Structure formats: structure tokens, C-alpha cells
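For reference, the structure is listed below as C-alpha cells.
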Amino acid sequence: KIYVNTKKEMFPVAEDLYGLFFEDINRAGDGGLYPEMIRNRSFEDSLVPAGCTTDEKQLIYINRGGWSGGFNHGEGMDDWAAAVPFTSIPGWYSENAVINLDKSDTLNDNRECSMKVEFEAGGKIWNIGYSGVPVKSGAEYNLYLFYKANKVCNLTVSLESEQGVVHGSDTKEILPDGSWQRLDYKLKANADDFKGRVVFKVDEPCEINFGFTSLMPEDTYMGHGLRKDLVEMLKNLHPKFMRFPGGCVVEGLSKETAMRFSDTIGPVWQRPSHQLMWHYRTTNGLGFHEYLQLCEDLNMEPMYVCNCGMSCQARNGEVFDMEETNNLVQDALNALEYALGAVDTEFGAMRAAAGHPEPFAMKYVEIGNENFGPEYNKRYEIFYKALKEAYPDIIYISNSHTEQENLPTEYVDEHYYNGPEYFLENDTKFDDYDREGPKIFIGEYAVNGGNTIASMECALAEAVFLTGIEKNQDIVKLSAYAPLFQNADYTTWKPNLIVFDNHQVYGIPSYHAIAMMAEYRGKTVIETSADVERRPPVYKGVPGVMCEKPGMQMKNARINGKAVDISRTVYGSFVKEDDIYTMKRGGNQHSFVGKSDTWNRAFEKFIRGHRWPGQSDERDFMWATFGTE
Ligand code: AHR
């Protein structure tokens, strides 16, 4: 039986409970939500940034060969070099023309190279886009390029099928005057073709340096440059906020690859490109302004995540020195000025120049992503003080339970990736959270692990967990599934809420469950209880290991009363099958299973056996989510 006491009003619903978490993973940005049709439009995709590990270099190498399968962070990729043909300009091909990267002549100081093309008579180059250049009959496309040439000639740009059938073209005259010039083309397609390409042809031999190129559909959501069908999918989730731009991409693999607001604003061809933690480059066309515009268009509260002076602790875990950290504090202050400042401030003026004189909103700011520990606490305090003083009305979110260090803590971001059994059994998880403590933001959650395939079972388990959040929305204020998008042709991580290719899109079952729960919100939470027999839990903790809240650093952990130094832990869950205890790590990119006949031995095997690439120390684990038995 379920008892509902309509007379006992507990508390009002949390206005912003259901939101989005956008991160550029699985090529969700360029070629996805940001519908650039030219792959590697700045020619920089093959450049390896400083600070890269060997694993990461392998992945970049594989990616520049155009490989589109799932990545597993370098494990088991011994044959990677042999398996993938190397190309220094991924996405671009030529016939009767020689193409090369030219680092000596670039469009501006933020560009690392241009593409030099020596065309013979009748020569051509083409780009294959993201698994094809998709065109629709009757639709219009805008192409622009920056060039330098050695002589006058005609440059024809055409949308073509793989077999060379022309769907639409436009010709412009190239006028060499020694400086970079811009050409704009308008292309109209006369056929549907989702596997096409964009071709550049000259009428006589010449040399052209291309500094930057772009091809976008004319028709975008509210004319603001984002892919219509994908934004509609977001809208149908009834989201109240959006967390952006990450995720691990905010942290980066190193100082050099950490996210900085300042790289993501201004004319797109002037924005530096960025090697993302998910093994490909973005040209940052989808930047701070574009995220804020999307929030405004869908009536969502923006939640900006800034780097806190540390790179991804699950990978290299680089801690930046205080000078660099202070630069990042300034970068975050600049971002907030861009969003909220008057037009006579430096960054407010840049916002106005980009077409938005009125301030945007900015309700939430998160300091770091999945960072924790003493170095995090030190940096969190510095960021918190500086940002709070300048923008006291913003709600600040910490990555771990910093209140335990007596730091000012408003909201804490907790992440949950685990098997379905974990979600089914944790609908009561927040019942006993301290009501005097910080508010909780479930910033990332999903049933995943092993080879999880999006299914009704996953959706149901998550929905059960969400009922626990709904019942506790006096303390749990925000939630978001992760990750949000998956380009089916470039998958790094599974499952993801929305799957697309270059012309189609669908939501996994979890999408439909969340959309339903987010649509029917009510006003007040009333008293309910259920008279049901609960299934005996299969998710169990490790006896003797001290359990703390997820997202926290585990301190004073013990196995069999013996102290273990777990400065990092992993999500994981125990299952007992045929008298064998198995510990399975949640998350699909590193699966390791520890099997044994006792809990303790399974746990010990698990932590001994698990390694992040490049790490060899038993202490290298992340996030404890061990429940109690
Ligand atoms: O959602 C995918 C990744 O999972 C996010 O980048 C990170 O925050 C988490 O580890």
C-alpha cells in the first residue's frame, strides 16, 4: 500500500530540480549541437598540446586518423600506431593538389597553423565532415573562409555526393594582396544527402593558404547558431538549469589543456582551439556566449563550472601553482563580468559587441569539477572568497563536502555512476542527510558500468532514485543526468541521454523518464509512505571500511581494522553470486572486477588490481560510494 496524506504539506518543490549537464564529450559540440559541417576547420586537429601523457598521445593519434570507435583511455591499445593511418590534416583530402600544414603563416596569433595548398590545373581539395557533410534539399548553407593566395583565380565551393554529383555550388574570385582575406559563399542544396562532402576547386594552378573555414546551416534554433532538432530535444526535457562546459573538460589533462573562459569568446576564428580531455579538439565556437544564449533561449538558469587550479585528479592530477590559480580566479571573474557586467565594463562591452547588450543571467557557479582533498580546499576557499565578494547573489557549488573543513559551503555537487541495483536501493539515500548542512546538487548520475546498454531497466532504476530526490527536495535542489549527448559516429562513453548522427536524433529510455518527471512538478511535497517489502539489498558496503558521503575524500578508511590510505577511491558496487563476492567498478571506461569469497578480500583485490593509466600507486582511487551493509 502507498499512503498519501494530502493534508500534511512538508515543503515546496525545488524550482530548479531538473536540469542539464552539457559537456563536449562524444563530439557533442562541433558537428553536433554546434552544427559545424567541416571537420577540423582550423586544421589544428593533429597538433599535440604540451603536457600530454603517452596514453593521451596515442588517443590523439588514433583520433586524427579518423577512427571513430569507443575509446578506453589507452588500455589494450598496443597496436594503436599500426592500426590507424596517420594524417596530419584529419578530415581533409586532395586530388591534383598537395596539402600541408603551414606553421609559418597563420591567420592570427591564436591560430597554430594554416593549410597550404599547391593546386595543379584542375586540382581540388575536399572535407568529409563528421561522417559526411549532410545536406537537405532546399536548405541553405553559409560557408566562409580566410585565405592568402599567390595569384588571381576562381575558387568554386560545392556540396557534392561521395561520387561527385554536385548538389549546389558557388564561385568567388580570389584576389591576392599579401594579407588574409575573407570570402563568404551561399550554397543551396538541390538534394538530400547525408554522406556528402564539401569540395574546393580552382580553375588554374595556384597556391592558396587557408587560414580558417566554416560551413553551417542557415536554419538554426532561433537563429542563434545551434542545431535545431538537438535543441528541441533539450527543450522537451523541461530543464530549469544547465551546467556547462564540463565535466572533465574543465579540468583538462594538464595546465595547458585546462578550460579558460577567455579562450571561448570573440569572433570564432580568433578563439584558440583546445584539446579536450575526451581526445579531440574543439575550435571553441561553442563558447561561453553560446552557452548563455542557449540558457536564455530555453529559459534555463546558467551554471558555469570554472577550473579551480587543478587538472583532472582521475588522470594526471596536476596542481597549479598559486600564480596560475590566481589567474584562473581572474578568468572566472572575467567570465562573470561578461555574463553580468554593464556595457561599459571590459567584458560587458565584449558581450554587447557579440550582439547581447543586456546582461545574461548567472544563478550558479561551480568551483572545479570532481576535485577534492587539501589542495582543492585551499583553492576552493580562494575562489569562493573572491567570487562571493564580487557577486554575492550567485549560489556557489563545491565539488566535495568542504563544510567538514569549516569552509563556507552552499551547495555540494555529488556524482553517482553505478549499476541499476545501486539506484534501486538508494531511494532513501537522502532521508537522513543533515538538514543544517549544505544543499545537494546531483550534478551527474546514470546507470552505467561494464557494458551497460541504455534500457528500460536503467531508466526505471534512475527513476526510483529520483523519487528519493523528489521526497528530499528540501535538501536536494538540483539534478542532471550525464553525459547528455552522443554522436553515434564518435562514441567515447556510454550510455548517453541523447544519441544523434549528422541528421537524426533519439532519446534513450532514461530521457523519456526524466522528461516526464521534469514536466509534472507540482507545487508542494506532501507526506507519503509505502507499506512494501523491500528486496534484500544486493548493493553492500565493505565491512570495516568507514563509509562517508560520496564526493568526499575518504579519510581514516580501514579494512579489518587496519588503516588504508585511500586518497582516491572509485565508484563501485558489490554483488554476491554463488557465494562469490564481486566488486564491480561503476563507470564504463575502466572496468575492473575483483572476485573473492569474502567482502574484504574482494575489496582488497579490487583496489590492488585497479590502475588508472600511467598510475601505479594503490592510493590512486577516486570517490567512495561504498554503502553500509
Ligand atoms: O559525464 C562524464 C564524466 O564523468 C564527466 O566529465 C566527469 O565529471 C565524470 O567523471
Among all lysine pairs in region 87-217 that are eight or more places apart or on different chains, how many have alpha carbons less than 18 angstrom apart?
22
Non-local amide H neighbours of MET10 (under 5 Å, H modeled in plane, Pro and chain starts lacking H): which ones?
VAL525, ILE526, GLU527
Return the long-range amide H neighbours of ASP501 (sequence gap of 5 or more, or a different chain), with a cut-off of under 5 Å between placed amide H atoms.
ALA488
Residues CYS248, CYS308 arranged by fewest to most Cβ contacts within 10 Å
CYS248, CYS308
Please check which bits of region 225-262 a label hung off GLU519 would reach, taking the label as a point 7 Å along Cα-to-C-beta and the cut-off as backbone N under 11 Å.
236-238
Surpassing 26 Å at the alpha-carbon level, of the pairs LYS1/LYS477; LYS388/LYS429; LYS8/LYS388; LYS8/LYS439; LYS471/LYS494, are LYS1/LYS477; LYS388/LYS429; LYS8/LYS388; LYS471/LYS494
Neighbouring Cβ atoms within 10 Å as the yardstick, rank ARG351, ARG521, ARG435 fewest first.
ARG435, ARG521, ARG351
Take the Cβ-Cβ distance between ALA121 and MET456 as r, set R0 to 41 Å, and report the resulting FRET efficiency rounded to the nearest 0.05.
0.10
Amide H contacts under 5 Å for ILE174, restricted to residues at least 5 apart in sequence or on another chain and with H modeled in the peptide plane, are CYS153, ASN154, LEU155
Kirkwood-based Rg over Rh for region 124-232 (C-alpha set), two decimals?
0.99
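For THR6 and GLN404, what does the FRET efficiency come to when R0 = 30 Å and r is the distance between their Cβ atoms, rounded to the nearest 0.05? Don't skip to the answer; put the middle values down first.
Values: r = 39 Å, r/R0 = 1.29.
Approximately 0.20, to the nearest 0.05.
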Each label sits 7 Å from Cα toward the beta-carbon; between HIS512 and HIS224 the label points are separated, in nm, by 2.9 nm
Please turn the phi angles of region 324-340 into ³J(HN,Hα) values with the Karplus equation 6.51 cos²θ - 1.76 cosθ + 1.60 (θ = phi - 60°), one per residue in order, whole Hz, x for glycine and proline.
5, 4, 5, 4, 6, 4, 4, 4, 5, 4, 5, 4, 5, 5, 4, 6, 10
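Would you mind ranking ASP45, ASP531, ASP431, ASP105 so that the residue whose beta carbon has the fewest other beta carbons within 10 Å leads the list? Numbers along the way, then the final one.
Numbers: ASP45 24, ASP531 7, ASP431 10, ASP105 13.
By the 10 Å Cβ count, ascending: ASP531, ASP431, ASP105, ASP45.
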FRET efficiency, ASP184 to VAL343 (Cβ-Cβ, R0 41 Å, nearest 0.05):
0.90
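By how many nm would the segment from LEU101 to ALA386 grow when fully extended, if each residue of separation counts as 0.36 nm and the alpha-carbon distance is taken off? Display every interim value, and only then the final one.
Numbers: separation 285, 0.36 × 285 = 102.60 nm, distance 4.27 nm.
The span from LEU101 to ALA386 would gain 98.3 nm if fully extended.
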How far, in nm, would the chain grow between VAL505 and ALA530 when pulled straight, counting 0.36 nm per residue and subtracting the alpha carbon separation?
5.2 nm
In whole Hz, the Karplus estimates of ³J(HN,Hα) for region 256-263 (6.51, -1.76, 1.60; θ = phi - 60°; x where Gly or Pro) are 5, 9, 6, 6, 10, 3, 4, 7
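Can you give the extra length, in nm with one decimal, that the chain gains between ASP431 and SER137 once fully stretched, where that is 0.36 nm per residue apart less the Cα-Cα distance?
Computed gain between ASP431 and SER137 is 100.3 nm.
Throughout, read-outs are computed from the coordinates displayed, never taken from laboratory work. Everything numeric here is computed off the predicted structure, so don't read it as measured data. Methodologically, a virtual Cβ is constructed for each residue, glycine included, from the backbone with ideal geometry; neighbour enumeration extends over all protein chains shown.
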